[in-house]
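S.K.: Take this structure, written in C-alpha cells, and hold onto it; I'll ask about it next.
Each value in this text was obtained by applying a stated rule to the coordinates, not by laboratory testing. Note that the structure is a prediction, hence the values are computed from the model and not measured. A quick note on method: Cβ atoms are made from the backbone with ideal geometry, for glycine too, and the neighbour counts reach across all protein chains shown.
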Amino acid sequence: MLISVYGASGYQAGLVLAELSRRETPAVLVGRDAGRLRRAADAVGFTGAEQRIASLDDHAALVEAFTGCDAVINCAGPFTGSGQAVVAAAIEAGCHYVDTAGEQLYVKEIFDRFAADAERAGVSVLPAANDGCLPVDLLAHLLAEQAGPIAEITTGHLIVDGGGPSRGSLRSALATADAFVSGGLTYSGGDWASGIPARSRSITFPGQAEPTEMTKMPLVEVITIPRHVCASHVESLGEARLGARLGTPIAPEVIETLAEGPTEKDRVAQRFTYVVDAVRHDREAVRGVVRGTDTYGTTAVIAVEAAQRLASSAEPGVLAPAQAVDPADFLEFLAGRELSWAIGDPQ
Ligand SMILES: NC(=O)c1ccc[n+]([C@@H]2O[C@H](COP(=O)([O-])OP(=O)(O)OC[C@H]3O[C@@H](n4cnc5c(N)ncnc54)[C@H](OP(=O)(O)O)[C@@H]3O)[C@@H](O)[C@H]2O)c1
C-alpha cells in the first residue's frame with residue numbers, strides 16, 4: 001500500500017509521517033517546496049521516501065502526484081478555500097482521500113460539492129479524520145444504535161494542558177474566525193443553519209464536581225453525525241474559555257513568531273474528554289464518552305488508520321466516519337492506542 005501525504009512539511013504531517021514510518025508503510029511526500037519536504041522526510045527517518053512537488057493551483061501536477069497512490073492524507077490546513085483542489089485531484093487520480101480538517105464549513109462543502117464525483121469515480125473521501133470528529137461521530141452512531149430513537153445530540157469538547165494549538169491550528173481558526181464568533185452551524189429539523197442559540201450552556205464532564213461553562217463552537221461532527229443518526233437537533237460545544245480565545249484571532253504575523261506546535265512532552269501531558277449527550281424521544285438522557293491524551297498524536301494515528309482502511313475497503317462517495325469504517329471496531333483499535341470510550345458516564 002502506498003500513501004501520499006499532502007502538506008507533508010507541516011507539524012501535523014510530521015506526526016503522520018512518523019506513524020507511517022512506524023508501520024513501515026511506504027509514503028510519497030507531496031508539497032510545494034522540495035527543501036521543506038526533504039527536511040520533513042529526514043526528521044522521521046523516511047530518507048528513501050519519494051517526494052513530489054505540486055502546488056494547490058496546479059491541478060495536473062496534483063493529479064500526477066497522487067496517481068499510483070492508494071490514498072492521500074491531506075494535512076495542508078487551513079483547508080478553507082484550498083482543500084477542495086486536493087479533493088478534486090485525488091478523485092481524478094482515483095486515489096482515496098482523508099484529511100485532518102477541523103473547519104466546519106469546509107467539510108460541509110466537501111459533502112455538497114464532491115459526493116457525486118467521488119461516487120462516480122469509485123473513490124472514498126473522508127474529511128475530518130482527526131481526534132475530535134472521528135471518535136465522536138463513531139460514538140454517536142453506537143449510542144443511537146444502542147439507545148434507540150434519538151431526538152437531540154449535544155457534543156462537548158474539553159482539552160486540558162498540552163501546550164496550546166499548533167501554528168496551523170491557529171491559522172485555521174483565523175481563516176474561520178467568523179464561525180467561532182457566531183458559533184457555527186446547528187443541525188435543526190433536517191438542515192443546517194447558523195444563528196441558532198445553544199440549548200446547553202454548561203456540561204459536567206466525567207469526574208468533575210462542578211459543571212464547565214461551554215459555548216457553541218463550529219465543530220465538524222455537526223456536519224457528519226446527521227448523515228447516519230436520525231436526530232432532529234445536533235449542536236457542538238467547546239469550553240467557553242477556549243471559544244473566547246479562538247474568537248479573538250491572533251494576527252498572522254504574531255502566529256509566525258510562535259512555536260510550530262506543542263512539544264512531545266506537552267502532547268503527552270495533554271488530556272482530552274469528548275462527550276456525546278443524547279436525549280431520546282422519551283426525554284431520557286444517554287451519554288457517550290471518549291477520553292485520551294495528545295490530540296495531534298491521536299489525529300496522526302486516526303488519519304493513517306483511516307487511510308489504510310479506506311484503501312482496503314470502503315464505499316465510494318464523501319463519507320462521515322461512521323459510514324467509512326466500522327464504528328465499534330475502529331474505537332476498539334483506538335482503545336489499544338490509549339484512547340478509552342464508553343457508553344454511560346464513567347467517573
Ligand atoms: N481536531 C482538529 O480539528 C485537528 C487536529 C489536528 C490537526 N488539525 C488541522 O490540521 C491542519 C494542519 O495543521 P499543522 O499544525 O500541521 O499546520 P502547519 O504546520 O502550518 O502545516 C501546514 C502544511 O500545509 C502546507 N500548506 C499550507 N498552505 C499551503 C498552500 N497554499 N499550498 C501548498 N501547501 C500549503 C504547508 O506547506 P509549506 O511548508 O510549504 O508552507 C505545510 O506543509 C490545520 O488545519 C489544523 O487545524 C485539526
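S.K.: How many percent of DSSP beta bridges within the range 133-294 run antiparallel, rounded to 5?
M.R.: Numbers: 29 of 35 bridges.
In the range 133-294, approximately 85 percent of DSSP beta bridges are antiparallel ones.
S.K.: Ranked highest first by average number of other Cβ atoms within 10 Å, how do 307-317, 179-189, 240-250 line up? Display every interim value, and only then the final one.
M.R.: On the way: 307-317: 18.3, 179-189: 19.9, 240-250: 16.5.
So the order, starting with the most tightly packed, is 179-189, 307-317, 240-250.
S.K.: Suppose we keep just the alpha-carbon trace of the range 133-294; what are its Rg and Dmax in angstrom?
M.R.: 16.2, 53
S.K.: I've got another one for you. Is any helix in the chain, taking whole DSSP H runs, at least 24 angstrom long along its axis by alpha carbon and on average at least -0.5 on the Kyte-Doolittle scale, and which ones?
M.R.: Values: long enough: 104-121 (25 Å, -0.36); 295-312 (25 Å, 0.53).
What comes out of the filter, once short or polar helices are dropped, is 104-121, 295-312.
S.K.: Next question. In deg cm²/dmol and to the nearest 500, what is the mean residue ellipticity at 222 nm of the chain if only DSSP H runs of at least 4 residues count, each as -39500 (n - 2.57), divided by the residue total? If you can, show how the numbers build up before the last one.
M.R.: Details: 15 runs with 141 residues, N = 347.
Computed mean residue ellipticity for the chain: -11500 deg cm²/dmol.
S.K.: Return Thr204, Thr299, Thr212, Thr154 ranked ascending by Cβ neighbour count within 10 Å, so the fewest neighbours appear first.
M.R.: Least to most surrounded, the residues fall as Thr204, Thr212, Thr154, Thr299.
S.K.: Return the Cα extents of the range 63-150 along principal axes one, two and three, sorted largest first, each rounded to a whole Å.
M.R.: That gives 47, 27, 21 Å along the principal axes, largest extent first.
S.K.: Quick one: what does P(r) look like for the chain with 10 Å bins over all Cα pairs, in whole %?
M.R.: P(r) for the chain, in whole percents per bin: 6, 27, 36, 24, 7, 1.
S.K.: Using DSSP, restrict attention to beta bridges with both residues in the chain and report what percent are antiparallel, rounded to the nearest 5. Don't jump to the answer; show the numbers that get you there.
M.R.: Numbers: 33 of 59 bridges.
The antiparallel fraction comes to roughly 55 percent.
S.K.: Hey, another quick one. Sorted by average packing, counted as other Cβ atoms within 10 angstrom per residue and highest first, what order do 59-72, 275-288 take?
M.R.: The densest-packed peptide leads the list: 59-72, 275-288.
S.K.: With charges set only on the Cβ (+1 for Lys and Arg, -1 for Asp and Glu), what does the dipole of the range 133-294 come to about its Cα centre, in debye to the nearest 20? Write down the numbers at each step before the final one.
M.R.: Values: 15 positive and 20 negative charges, 28 e Å.
About 140 debye.
S.K.: How much net charge surrounds Gly195 when only other residues with a Cβ under 15 Å from its Cβ are counted (Lys, Arg +1; Asp, Glu -1)? Walk me through the numbers before you get to the answer.
M.R.: Working: positive: Arg199, Lys216; negative: Asp178, Asp191, Glu235.
Residues near Gly195 contribute -1 overall.
S.K.: As I understand it, the dipole of the chain uses +1 on the Cβ of Lys and Arg and -1 on the Cβ of Asp and Glu, about the Cα centre. Which of Thr100, Pro211, Tyr6 lies farthest toward its positive end?
M.R.: Pro211
S.K.: Also, quick follow-up: If you place +1 on the Cβ of every Lys and Arg, -1 on the Cβ of every Asp and Glu, and leave all else neutral, what size is the dipole of the chain about its Cα centre, to the nearest 20 Debye? Display every interim value, and only then the final one.
M.R.: Numbers: 27 positive and 44 negative charges, 94 e Å.
For this selection, approximately 460 debye.
S.K.: Here's something else I'd like to know. Separation of the range 278-316 and the range 67-112 by C-alpha centroid, Å?
M.R.: Cα centres, the range 278-316 to the range 67-112: 18 Å.
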